[in-house]
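Data first, discussion second: the structure below is written as structure tokens.
The values are calculated or read from the model by the stated rules, or taken from the named source; none is laboratory data. Remember, it's a predicted structure, so these values are computed and weren't measured experimentally. Glycine gets a Cβ as well: all are built from the backbone with ideal geometry, and neighbour counts include every protein chain shown.
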Amino acid sequence: MVVIVDTVTNPLRPRHPEKVNRPDSASPPKPDWIRVRAPNTRGYADTRNIVKSNGLHTVCEEAGCPNIGECWDKKHATFMIMGDTCTRACAFCNVKTGLPNALDAAEPQHVAEATAKLGLAHVVITSVDRDDLSDGGAEHFAQTIRAIRAACPSTTIEILTPDFLRKEGALEVVVAAKPDVFNHNLETVPSRYLTVRPGARYFHSIRLLQRVKELDPTIFTKSGIMVGLGEERHEVQQVMDDLRSADVDFLTIGQYLQPTRKHHAVMRYVPPDEFASYEKVAYTKGFLMVSASPLTRSSHHAGEDFARLKAARAATAR
Ligand code: SF4
């Protein structure tokens, strides 16, 4: 059972001020195949303590991720840097919306310390959108990568970034810091952008991913979409083609789940065999790795997937 506190309607501090006056949208009841473990293990509590004692935010909590019980039990947390408040207001996302605070200069070091304490072989770092910053937070991303490299030289680093829309030179700063995996999620098919991801531009995101490979072909690139937002199958296949034309290595596809009644409704629960079919099609289109299942999230099993990704690249190079 996913536990998500609906603070949207809290009049004292609305989490999503732009959504408060929207009509409720009802989603169909969850099917049997959306089943998750309750977050109450010792490993979960340990991870929570380390996250809190370092004053960090995680997307696991902020986005109400259904996998938190499983991931945190294994000490896999995805850090969300640059605060807990996002300057965009996507219709699917549970991260708080508003004007964020100034950056915390000590945060890169705190993330590095938490990575060391958790003993992570592979760490995933994401962030809120920071349209208010002149570089979109690129330098902060780079500093965080460098701090982790210094504290944990054997840890591989995956970043999941915003789109740096209208932030010239920002992408170059992040790529120069050499993450092992550069992930930027498309989230949905282009026809749903205006409703689901209104502040973003589909082809800008595709171009961003392509540019990463042009700047540094050694970096693995990754992207993901959610299904169940009203997309058609042929549109998902077109997204696969667009990502392959940008030379993206790894595709993730997961089921959209509605965080609160004020968010976009789930239009459909895609059954597991349809995910399996997407996975098959995606492999035929040339992705090195594909993860498609109802509970797939871009950072779910990211460490194991990175090992498989490296092996797949090595196999194609032979
Ligand atoms: S799938 Fe990712 S966001 Fe969800 S709990 Fe696991 S690490 Fe956190």
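Here are the numbers for this structure:
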read-out	value
Hey, Lys167 of a type in the set (Lys, Arg), touching a residue at least 12 places away in the same chain (Cβ under 8 Å), on the phi > 0 side of the Ramachandran plot and more than 16 Å from the ligand (Cβ to nearest atom) or not	no
Residue among Leu309, Leu295 that alone is in contact (Cβ under 8 Å) with a residue 24 or more places away in the chain, within 16 Å of the ligand (Cβ to nearest atom) and touching a strand residue (DSSP E or B) at 6+ places or on another chain (Cβ under 8 Å)	Leu295
Failed criterion for Arg37 (all others in (1) modelled with pLDDT of 95 or more; (2) within 13 Å of the ligand (Cβ to nearest atom) hold)	(1)
Single condition Val281 does not satisfy, out of (1) buried (at least 17 other Cβ atoms within 10 Å of the Cβ); (2) β-branched (Val, Ile, Thr); (3) under 19 Å from Glu187 (Cα atoms)	(1)
In region 248-294, the residues that are within 19 Å of the chain's Cα centre (by Cα) and either assigned to a strand (DSSP E or B) or at positive phi (or both)	Phe250, Leu251, Thr252, Ile253, Gly254, Gln255, Met289, Val290, Ser291, Ala292
Hey, Ala112 under 30 Å from Pro198 (Cβ atoms), free of Cβ contacts under 8 Å to residues at least 60 places away in the same chain and out of contact with any Lys or Arg (no Cβ under 8 Å at 6 or more places or on another chain) or not	no
Filter result for Ala302 (aliphatic (A, V, I, L, M), surrounded by 21 or more Cβ atoms within 10 Å (Cβ to Cβ), closer than 14 Å to Phe220 by Cβ and within 16 Å of the ligand (Cβ to nearest atom))	yes
Breaking point among (1) part of a loop (DSSP other than H, G, I, E, B); (2) away from the ligand (no atom under 11 Å from the Cβ), for Thr115	(1)
Scan of region 40-75 for residues that are near the ligand (Cβ under 8 Å from one of its atoms), aliphatic (A, V, I, L, M) and part of a helix (DSSP H, G or I), ordered by number	Val59, Ile68
